[in-house]
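For reference, the structure is listed below as structure tokens.
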Amino acid sequence: MTNPFRFDSLSLDLPFMDEAHEHLMRLLAIVDEADDAHLPAAWRDLVECTAQGFASEDRWMNDTCYAARKDHQIQHRVVLEVMRDSITQAGEGRLLHVRQMARQLRDWYHKHVQTMDAALALHLRGKRFDPANGRSGPRRSAVAPARA
């Protein structure tokens, strides 16, 4: 059976990023399927997940001195601000707005992953970054060590 939440176009071949992207897309699917009574809670869960995911990426970019981090982080801040504003709108019963936001978020997120996150994944792979400890792996020497 095929996993309905698997989005091959979002795969960056970096497991810790791919898992985070798939988790967000699962929550976005829950938002899509939520009835009006459950939509505000589903949206809050999505916003919380997005905030955590963006914070992790921001930390990875800072930890590895990623050159394009400023532009990438600005996108995170702007999108998260709009999403948080939609929590208020959901609470006020403006659910159509939240549903439209979910559709727009999906389109933006696909583009963001395929461009900004793809470049970040390439950088993190090159640094041999380990998110468990926030460190890069040992640098490869251009010269092989001398043998005794």
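The values are calculated or read from the model by the stated rules, or taken from the named source; none is laboratory data. What you see is a predicted model; the values in this text were computed from it and never measured. Using ideal geometry, Cβ is built from the backbone for each residue, glycine included, and neighbour counts are taken over all protein chains shown. Remember, those area values only see protein heavy atoms, side chains included, never the ligands or the DNA or RNA. Shrake-Rupley method; radii C 1.70, N 1.55, O 1.52, S 1.80 Å.
Annotations
- Residue that is nearest to Asp58 (Cα to Cα), among those in the range 83-92 that are open to solvent by less than 60 Å² (accessible area, probe 1.4 Å) and of a type in the set (Gly, Ala, Ser): Ser86
- Among the numbered conditions (1) open to solvent by 70 Å² or more (accessible area, probe 1.4 Å); (2) under 18 Å from Ile30 (Cα atoms); (3) touching a residue at least 60 places away in the same chain (Cβ under 8 Å), the only one that His110 does not meet is (1).
Results for (1) more than 12 Å from the chain's Cα centre (by Cα); (2) open to solvent by 20 Å² or more (accessible area, probe 1.4 Å); (3) on the phi < 0 side of the Ramachandran plot; (4) not hydrophobic (A, V, I, L, M, F, W, C), shown as yes or no for each residue.
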site: Met25; (1), (2), (3), (4): no, no, yes, no
site: Asp35; (1), (2), (3), (4): yes, yes, yes, yes
site: Trp43; (1), (2), (3), (4): yes, no, yes, no
site: Val47; (1), (2), (3), (4): no, no, yes, no
site: Ala55; (1), (2), (3), (4): no, yes, yes, no
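- Residue that is nearest to Thr50 (Cα to Cα), among those in the range 66-82 that are open to solvent by less than 100 Å² (accessible area, probe 1.4 Å) and out of contact with any helix residue (DSSP H, G or I) (no Cβ under 9 Å at 6 or more places or on another chain): Val78
- You will find that of Leu95, Leu105, the residue that is farther than 24 Å from Leu14 by Cα and surrounded by 13 or more Cβ atoms within 10 Å (Cβ to Cβ) is Leu95 and no other.
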